[in-house]
Structure formats: C-alpha cells, structure tokens
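Every number here is computed from the coordinates shown, using simple stated rules; none is lab data. All of these numbers come straight from a predicted model, not from anything done at the bench. FYI the Cβ positions are ideal-geometry reconstructions off the backbone, even for glycines, and counts take in every protein chain you see.
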Protein chains: 2
Amino acid sequence: MGGPIPILKVGPNLLTTIHVELTDSIAEVFQQDVLRAIERTGAGGLVIDISVLEEVDTYVARVLADTGRMAALMGTRSVLVGMRPEVAATLVRMGYGMEGVETALDVDRGIARLASLKENR
Amino acid sequence: MGGPIPILKVGPNLLTTIHVELTDSIAEVFQQDVLRAIERTGAGGLVIDISVLEEVDTYVARVLADTGRMAALMGTRSVLVGMRPEVAATLVRMGYGMEGVETALDVDRGIARLASLKENR
C-alpha cells in the first residue's frame with residue numbers, strides 16, 4: 001500500500017477517492033494497491049470516487065475501467081462514482097463510453113448499487 | 001477420471017482445485033473429466049478454484065472459460081474463484097476480461113454465488 005491514494009474498508013466494501021492527478025506511475029501503483037486490498041480484505045465491492053477530478057483523459061479512463069475489470073476477475077464488483085458533467089461529455093465525445101463499467105452519481109448511491117448487484121446475482 | 005486434477009462432489013456442487021500447471025494435454029483431460037463428472041453426478045453447480053495458480057496465460061484462461069461455457073450448455077452454472085491480483089492484472093492487460101464467466105473471491109463465496117444463482121433463475 002505504498003501509493004498516495006488511500007483505500008478504505010467501509011462495511012463490506014472498499015472505498016477509494018482519487019484526489020490526485022493519475023500519472024502513469026501513480027495509476028500503476030493505484031491498480032496494484034486496489035487489487036491487493038481486495039485480496040487482503042476479501043471486500044465484496046469496490047467504489048472508485050472521481051468527483052474531485054476535473055479532467056479525465058482516455059489513459060486515466062482506461063486505467064479506471066481496467067481496474068474494475070481486474071477486480072471483476074477476482075470476484076469483486078465495482079462502481080465508478082461522481083464523474084463530473086464536463087468529464088462525461090469529453091469522454092463520450094472522444095468515443096470512450098466506458099462500456100461494462102458500472103456508474104453512480106455519488107458514493108452513497110454507489111454503495112447502494114453494490115448492495116443491489118449482490119442481491120441480484 | 002484419469003486426469004491429475006481431482007473433482008470432488010461437495011453437497012449439490014462439484015469443486016475442483018487446479019493445483020498443477022495446465023499444459024495442453026492436462027487441460028484437455030481436465031475439461032473431459034469435468035464434463036463427465038457433471039453428467040455422472042448431476043451436479044447443479046461447478047466451482048473451479050485457481051487460487052494456487054501464480055500464472056494463467058491466455059490459453060489456460062480460454063480453457064477455463066470454455067469449460068464454464070460447456071458446463072452451462074449442459075445446464076450447470078459455474079464460478080471461477082480465487083484469481084490472484086497479478087493474474088487478473090495480466091489477463092486484463094492482454095485484453096482478456098473473460099466476459100460471461102462468473103467469479104468469486106474464494107470457494108465459500110463461490111458456493112454462495114451458485115446458491116444465489118439458483119434462487120434467481
């Protein structure tokens with residue numbers, strides 16, 4: 001857990017708020033930290049909060065989507081929450097719809113989404 | 001049941017832990033063994049535990065996903081459990097997200113998943 005982005009256990013889930021710009025190296029450490037935290041805690045769900053981020057380029061978008069896919073392979077569902085309007089607009093205009101990634105408006109709704117995913121599976 | 005990978009009946013399900021490297025020939029025998037065990041036992045579910053595997057290349061990933069699809073065609077749901085963080089990271093980076101394959105963190109949760117899948121179908 002050497003990265004600058006904290007990953008907290010909140011109930012049965014992990015919650016992480018990305019509060020710094022994701023450079024290549026930070027993103028890589030972040031991914032590793034998230035996967036190790038899943039392994040260590042056995043968390044059933046993962047909420048990635050990006051409400052602080054004013055810009056998300058396709059590289060970062062891909063890192064976030066990949067992190068969710070990796071978590072899924074390990075058996076943990078994830079939800080991306082708090083994407084700003086201008087970020088959403090930019091990503092869609094660049095043709096990057098982040099297919100297959102679960103989203104919610106904020107952390108609370110993300111946690112609720114994980115709970116409903118758990119019930120329905 | 002001539003393969004080196006044991007397939008156990010645990011309650012209504014089959015449980016198999018892959019504890020050796022899956023070479024081409026072992027993988028082929030494993031697939032056959034699993035499908036025959038499903039036919040013979042009438043198991044409602046299948047849990048494939050890969051927590052021992054430190055490496056999973058795309059060939060093995062495909063064998064595992066295919067085995068799940070074959071079981072599904074026979075009417076048996078399957079769950080892949082225990083994928084390690086570094087294995088998940090490698091597979092996603094290679095563009096291999098194993099779509100359509102159910103996953104869980106460990107054997108216990110895999111069995112719980114099978115139970116919930118049974119209820120919801």
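Starting from the label point of B:G11 at 7 Å along Cα→Cβ, the same points in the other copies fall at 2.4 nm, in ascending order. Computed from backbone phi, the HN-Hα couplings of region B:7-23 come to 10, 9, 8, 10, x, x, 10, 9, 10, 9, 10, 7, 10, 10, 5, 8, 6 Hz, rounded to whole numbers (Karplus: 6.51 cos²θ - 1.76 cosθ + 1.60, θ = phi - 60°; Gly and Pro given as x).
Counting only residues at least eight positions apart within a chain, or on another chain, the lysines with an alpha carbon under 25 Å from that of A:K9 are A:K118.
Computed from phi, the 3J(HN,Hα) profile of region B:27-34 under the Karplus parametrisation 6.51, -1.76, 1.60 (θ = phi - 60°) reads 4, 5, 5, 4, 4, 4, 4, 4 Hz, with x in place of Gly and Pro. Note: relative contact order over chain A, using C-alpha pairs below 8 Å and six or more positions apart, is 24 percent. Between A:V52 and B:R36, the simple label model (points 7 Å from Cα in the Cβ direction) yields a spacing of 5.7 nm.
With the helix formula -39500 (n - 2.57) applied to DSSP H stretches of n ≥ 4, chain A reaches a computed 222 nm mean residue ellipticity of -15500 deg cm²/dmol. Between copies, the label points of A:E99, set 7 Å from Cα on the Cα→Cβ line, lie 0.6 nm apart, reported in increasing order to one decimal in nanometres.
Under 5 Å between amide hydrogens, built in the peptide plane, is the criterion, and for A:L14 it picks out A:G45, A:L46, A:V47 among residues at least 5 positions away or on other chains. Close amide H contacts of A:V101 (hydrogens built in the peptide plane, cut-off under 5 Å, sequence separation of 5 or more or a different chain): none are found.
Between A:A115 and A:K9, residue separation times 0.36 nm minus the direct Cα-Cα distance comes to 36.7 nm. Give the separation of the Cα centroids, region A:1-60 to region B:18-54, in Å. One Cα centre to the other: 34 Å.
Each residue of region B:83-88 is assigned a 3J(HN,Hα), and the resulting list reads 5, 6, x, 5, 5, 4 Hz, derived from the Karplus form 6.51 cos²θ - 1.76 cosθ + 1.60 (θ = phi - 60°), x at Gly and Pro. With both partners inside region B:7-119, how many of the DSSP beta bridges are antiparallel, as a percent to the nearest 5? Given both bridge residues lie in region B:7-119, the antiparallel proportion sits at roughly 25 percent.
Work out the mean other chain Cβ neighbour count within 10 Å for the residues of A:72-84 and drop it here as an integer.
Across A:72-84, the average partner-chain Cβ count within 10 Å equals 4.
In nanometers and ordered shortest first, the copy-to-copy spacing of the A:E55 label point, defined 7 Å from Cα toward Cβ, is 4.0.
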